[in-house]
């Protein structure tokens, strides 16, 4: 997103239509199967965002709409608004979720189950931390250069212990750490 261009981000009609058109052009396609909004936009009424997505579905530019990285109350508001206004409903939710960050189990996952919304976790392998033994992470390029990997609670709140326990399970089951984590 370009801070000098207010239309390069957010969920206004202008921003969504502009970015959807650019995505379709880059992909060389007329339609995308799933188009997900990213985060909640406090500056744009959810009705505007949903109506824009609904129009894109009607034009055949997208088949399904989804949300990503928002609080459960926001997602609930979006679903209720789509029902009230008879607009395309979000069919997916993509929030941060893995063995080290399980906050979504408190509200979002039960809500999605009740509402029959598919869940697509982002960073299920904790930016690679849950793919190898703890002590090997720092030896990787990501471990040495990705400051963002350290911003998430991978190394605190029992992260090392979880990593070690997953390694034990992987060894016991003759599997990789990633296979255990994803299962």
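The values are calculated or read from the model by the stated rules, or taken from the named source; none is laboratory data. Computed from a prediction, not measured in an experiment: that's the story for all the values here. No Cβ is skipped: glycine too gets one built from the backbone with ideal geometry, and neighbour counts run over all protein chains shown.
A few notes on this one:
- Verdict on residue 51 being more than 28 Å from residue 24 (Cβ to Cβ) and part of a helix (DSSP H, G or I): no
- Selection count, region 92-107, where residues are assigned to a helix (DSSP H, G or I) and crowded, with 19+ Cβ neighbours inside 10 Å: 1
- Residue in region 118-139 that is outside any loop (DSSP other than H, G, I, E, B), modelled with pLDDT of 95 or more and within 30 Å of residue 56 (Cα to Cα) present: yes
- Total residues in region 35-77, condition surrounded by fewer than 21 Cβ atoms within 10 Å (Cβ to Cβ), touching a helix residue (DSSP H, G or I) at 6+ places or on another chain (Cβ under 7 Å) and either under 18 Å from residue 104 (Cα atoms) or not assigned by TED's automatic domain parsing to the domain that holds residue 23 (or both): 4
- Pair list, Cβ under 6 Å, 6 or more apart: region 113-142 residue farther than 14 Å from residue 166 by Cα, other residue part of a loop (DSSP other than H, G, I, E, B) and modelled with pLDDT of 85 or more: 121/97; 123/98
- From the options 124, 110, residue that is more than 19 Å from residue 9 (Cα to Cα) and loosely packed, with under 13 Cβ neighbours inside 10 Å: 110
- The one condition in (1) surrounded by fewer than 19 Cβ atoms within 10 Å (Cβ to Cβ); (2) out of contact with any helix residue (DSSP H, G or I) (no Cβ under 9 Å at 6 or more places or on another chain); (3) over 30 Å from residue 161 (Cα atoms) that residue 14 fails to fulfil: (2)
- Residue that is closer than 26 Å to residue 93 by Cα and modelled with pLDDT of 90 or more, where the choices are 164, 151, 115: 115
- If the condition is being touching a residue at least 40 places away in the same chain (Cβ under 8 Å) and out of contact with any strand residue (DSSP E or B) (no Cβ under 9 Å at 6 or more places or on another chain), then region 22-46 contributes no residue at all.
- Among all positions in region 25-40, there is at least one residue which is more than 16 Å from the chain's Cα centre (by Cα) and closer than 30 Å to residue 145 by Cβ.
- Residue check for residue 115: assigned by TED's automatic domain parsing to the domain that holds residue 36, surrounded by 14 or more Cβ atoms within 10 Å (Cβ to Cβ) and within 17 Å of the chain's Cα centre (by Cα): no
- Residues of region 80-91 satisfying the condition of being crowded, with 17+ Cβ neighbours inside 10 Å and either outside any loop (DSSP other than H, G, I, E, B) or modelled with pLDDT under 95 (or both): 81, 82, 90
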